[in-house]
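Chemist: If you scroll down you'll find the structure; I have some questions about it.
What follows is calculated from the coordinates using simple rules that are stated; it is not laboratory data. All values reported here derive from a predicted model rather than from experimental measurement.
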Amino acid sequence: MKKILILILSFIALFSSELSMDNMIVRISDIKIYPEYLNEYLTYAKEVVETSMEKEKDVIALYPMIVIKDNTQIKILEIYKNQVAYE
């Protein structure tokens, strides 16, 4: 997971001259879903990610990931331009 985070942040730093990594907020959410709600959650999460990326200009990245060994465990890498964007 740390390698993925470093790779993504490096990519962002290389290709975006407008971003300052000094103020950037990076979070990793760890979510456990009840199996009976998994499909409903995934559908809703996809909508939320798409809407956030489309309408919130200072949300840099949202990367939801399903843990292979346990598909009810979701990790979301969230990257925001600054604290205001996070709030």
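Chemist: Work out from phi, with θ = phi - 60° and the Karplus expression 6.51 cos²θ - 1.76 cosθ + 1.60, the ³J(HN,Hα) of each residue of region 53-59, listed in order in whole Hz, and give x for Gly and Pro.
Modeler: Per-residue couplings from phi come out as 5, 7, 9, 10, 4, 9, 7 Hz.
Chemist: I would also like to ask the following. Could you work out how much longer the chain between ILE28 and VAL67 gets when fully extended? Use 0.36 nm per residue separation minus the Cα distance between them, nm to one decimal.
Modeler: 12.7 nm
Chemist: Hey, what do the phi angles of region 72-85 turn into as Karplus ³J(HN,Hα) couplings, whole Hz, using 6.51/-1.76/1.60 and θ = phi - 60°, x for Gly and Pro?
Modeler: Taking θ as phi minus 60°, the curve returns 8, 9, 10, 10, 10, 8, 10, 10, 10, 4, 6, 4, 4, 5 Hz for region 72-85.
Chemist: Now a separate question. Starting at the first residue of region 34-39, write each ³J(HN,Hα) from the Karplus equation 6.51 cos²θ - 1.76 cosθ + 1.60 with θ = phi - 60°, in whole Hz, x for Gly and Pro.
Modeler: Here the 3J(HN,Hα) series is 5, x, 5, 10, 4, 4 Hz.
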